[in-house]
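Accompanying notes for the structure given below.
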Amino acid sequence: MIDLYYWTTPNGHKITIFLEEAALDYRLQPINIGRGEQFTAEFLAIAANNRIPAIVDRKPADGGQPLSLFESGAILEYLADKSGKFLPRSGRERYVVLQWLYWQMGGLGPMAGQNHHFRNYAPKKIEYAVERYSKETARLYGVLDRQLEDNDYVAGSDYSIADMAIWPWVKPYAKQGMDIEDFPNVQRWFEVIAERGAIKRAYARAEEVNPQDGVEMDDEARKHLFGRQ
């Protein structure tokens, strides 16, 4: 059994997608980040960075004590290695997948996230910030579009954890100010993955946990999300 500490954000969706794809037994432990639940001592003991997602694997492959992990990229890599699915065990194909996983972690996620923040949540509209992050998001969509020109999936012909990491960050493209039709290869890939049963099941779980599939941005949520160090 894997306990998934989760909220309905792109990083949270990555892990439910993998767990549904791999048919691993898991239990959702909602962490309402708009109500500050990520700052409890109990969660800090699992996730040192006070961010979702995190997991506790009650039956790790080494047979030892329960293993807790945070950071969505590390969790995806761990679960792929544990299950033997969606990440080659060795060779150059493995590193191609990992480079695109890290591209999402270091590029698309942070830049699209800042874009989304300054475009939708910042208390004061800062045009410079909106333009800067919108342009960088568009550049990254262009990088992805070129990669998908000759590939069915991000890392080649096989669906992988790279796709699972990137897809939830592309899903809110309209809120990022992106027109997906400007990136036809991304649009084709996005629509194909949207039809996967595991994607639908993962987002159905999100609806169970939080029908808004996001954060209710009231004053309390702003304090917890933007006012804590």
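The values are calculated or read from the model by the stated rules, or taken from the named source; none is laboratory data. This one's a predicted model, so the numbers in the text were calculated from it and none came from an experiment. Neighbour counts are summed over all protein chains in view; Cβ atoms, including those assigned to glycine, are modelled from backbone coordinates with ideal geometry.
Side notes on the structure shown:
- Some residue of the range 73-85 being of a type in the set (V, I, T) and assigned by TED's automatic domain parsing to the domain that holds I52: yes
- For the range 118-136, a residue qualifies if it is assigned to a helix (DSSP H, G or I), exposed (fewer than 15 other Cβ atoms within 10 Å of the Cβ) and without any contact (Cβ under 8 Å) to a residue 12 or more places away in the chain, and the qualifying residues are E127, Y128, E131, K135.
- Boolean, A202 is crowded, with 21+ Cβ neighbours inside 10 Å, assigned to a helix (DSSP H, G or I), outside the structural domain of L98 (by TED's automatic domain parsing) and in contact (Cβ under 8 Å) with a residue 40 or more places away in the chain: yes
- Residue ID - nearest to I166 (Cα to Cα), chosen from residues in the range 137-151 that are in a loop (DSSP other than H, G, I, E, B) and in contact (Cβ under 8 Å) with a residue 12 or more places away in the chain: L148
- Selected residue (only one of M178, M164 is outside any helix (DSSP H, G or I) and crowded, with 20+ Cβ neighbours inside 10 Å): M178
- F43 passes every criterion in (1) farther than 29 Å from E195 by Cα; (2) in contact (Cβ under 8 Å) with a residue 40 or more places away in the chain apart from (2).
- All positions within the range 12-32 that are aliphatic (A, V, I, L, M), surrounded by fewer than 22 Cβ atoms within 10 Å (Cβ to Cβ) and not in a strand (DSSP E or B): A22, A23, L24
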